[in-house]
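Right, one structure below, let's go through it.
Rule-based calculations on the coordinates, nothing more; no lab input. Fair warning: this is a prediction, and the values are worked out from it, not measured in the lab. Note that each Cβ is placed from the backbone with ideal geometry, even for glycine, and that neighbours are counted across all protein chains shown.
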Amino acid sequence: MARSRYKVYDSNYPYFITCTVVNWIPVFGNPQLAQIVLDSLLFLIQNKRITLHGYVLMENHLHGIATGEHLIKEIGLFKSFTARSIIDFCEKNSNNWLLSQFKLNKLKHKTEQEYQVWQEGDHPQMIFNEEVLIQKLEYIHYNPVKRGYIEDPAHWCYSSYKDYTEGKGLLPIEIIT
């Protein structure tokens, strides 16, 4: 994270953030691994470390819109914790293919660790007006449609789309009005 040219300059604004698995490995097709990410986000929300305004979890990346006083630090801790949890799950369940991919795609300078789950950086982009917010929410919510997985964004359970249209999704979202 320290190498990133992207910075959070004003914690009063929401930021669009992307967390991507190394080499776009399809990790979150496994519901148990997806649940690790959801549970970790829920922890951050419940402990008021971030406020989540929108998200979508795809098979190999997470898009979110969030605010927080120490947002980048919290996302870094989230990525570290979820990576460790995913690796532990893979070791416990003998998922040698995923472990080999995490090892093969680990950056060379990461000599202190055997595996790497997430790519470096979060690419935070400040959302400074309603037009950008709507564009980012639509991008997030229609990501599974664009990928051809579903025809209606309401059918993707790992998303905040329902919070904005039908009521309640999997995670507590603070809707920006």
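Descriptive notes on the structure:
- Extension gain for residue 138 to residue 12 (0.36 nm times residue separation, less C-alpha to C-alpha distance): 43.2 nm.
- Pairs from 103/146; 48/110; 48/73 whose Cα-Cα separation, in the structure shown, is over 19 Å: 103/146; 48/110
- At R0 = 25 Å, FRET efficiency that the Cβ-Cβ distance of residue 107 and residue 73 yields, to 0.05: 0.75
- Helix-only CD estimate at 222 nm, as mean residue ellipticity for the chain, using -39500 (n - 2.57) per DSSP H run (n ≥ 4): -11500 deg cm²/dmol
- Shape call, region 96-151: gyration tensor on alpha carbons, a/c limit 1.5: oblate
- Among the listed options (i) 22; (ii) 28; (iii) 14, the one matching percent of Cα pairs over 28 Å apart as calculated from these coordinates is (i).
- Within the chain, helices built from complete DSSP H runs that reach 24 Å or longer along their own axis (Cα positions) and carry a mean Kyte-Doolittle hydropathy of 0.0 or higher are 71-92.
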